[in-house]
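Below: the structure, in structure tokens.
Read-outs throughout are calculated quantities, based only on the coordinates presented, and are distinct from any laboratory measurement. Note that the structure is predicted; figures quoted are calculated from it, not measured. Backbone-built Cβ (ideal geometry, glycine too); neighbour counts: all protein chains shown.
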Amino acid sequence: MLCRMELGIYGTGRFGSFWATQLARTDTRNGPSTRGPAPSIRVKTFNRSERPVPAGCEAASLEELGRCDCVMLCVAISAVDAALDALVPHLRPGTVVMDTCSVKIRPVESMLARVPESNPVIGTHPMFGPDSARDGIEGLPFVYAPVRADEEAAARWRNVFASLGLRVIEMTPDAHDREAAMTQGVTHFLGRVLADMELETSVMATAGYCRLLEVVEQTCNDPYQLFVDLQRYNPYTPQMRVRLQESLTRMMRLLES
């Protein structure tokens, strides 16, 4: 029988609340036999301001959060430093600290600098959110970067996420940010550009146009701060924006000629 694990969620905004609820449902979720049953996870949540407690979770103080087996930071990239400064004094030795940011180099550096050596540090990026995972998280990608964790701790939590049906992808923070600058950064950038154009639905909309509207909806439902942080803290997004601008310029010149 699997032992019950305590997992703390720091930050219950739109994504944090969604993620906490997904984790809290592990008691009733059964994975395929190739993965084995999902672990039993007791989820505790903390938020600096008053918010509703996510379904299946229980509210906790910072002291209680710091005693969990693992704490996951579900805050904006720009808020990671402040969250760590608040959490670290309450961490017990051995508690694993993870982030869930869409950028990896910056938050991982912050965790390594602020979290004591007695606490393993693992970077993660659930590559989905409340909109893209509205039908469930089964098979969705989950980036995993055990930057300071022994093999036992790294394997334990890797197996936890795999048992939830997630497609765990292990890569370095640098490799993640380099790839995400295109796969995510350009999507959010174009989504905001299309939103700024104030695209509207139409009775004669093609399938392609409808997919563009879906991109706008998906990206603009996320907090504007996420868009800003994706562009500001990923060291590879400036290169993406330069390439995008160059391509737009080439297309305009082709039309003009």
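Below is a table of values for the structure above.
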| read-out | value |
| --- | --- |
| Backbone HN-Hα couplings from phi across the stretch 233-238 [Karplus 6.51/-1.76/1.60, Hz, Gly and Pro as x] | 9, 8, x, 9, 5, x |
| Nonlocal amide H pairs with Ile41, under 5 Å, H built at 1.01 Å | Met5, Thr26, Asp27 |
| Listed peptides 132-139, 58-65, 80-87 by packing density, highest first (mean Cβ within 10 Å) | 80-87, 58-65, 132-139 |
| In Hz, Karplus ³J(HN,Hα) per residue of the stretch 64-79 (6.51, -1.76, 1.60; θ = phi - 60°; x = Gly, Pro) | 5, 4, x, 9, 5, 5, 8, 10, 10, 7, 10, 10, 4, 4, 6, 9 |
| Ordering of 197-206, 67-76 by burial proxy (mean other Cβ atoms within 10 Å per residue, highest first) | 67-76, 197-206 |
| Gyration tensor (alpha-carbon) shape descriptor, the stretch 174-256, a/c threshold 1.5 | oblate |
| Degrees, to the nearest 10: 105-114 long Cα axis against longest axis of the chain | 30 degrees |
| Alpha carbon Rg of the stretch 4-171, scaled by the compact-globule rule 2.2 N^0.38 Å | 0.94 |
| Relative contact order (%) - criterion: Cα under 8 Å, at least six apart; region: the chain | 15 percent |
| Charge sum, other residues only, whose C-beta stays under 13 Å from Thr12's C-beta, Lys/Arg counted +1 and Asp/Glu -1 | +2 |
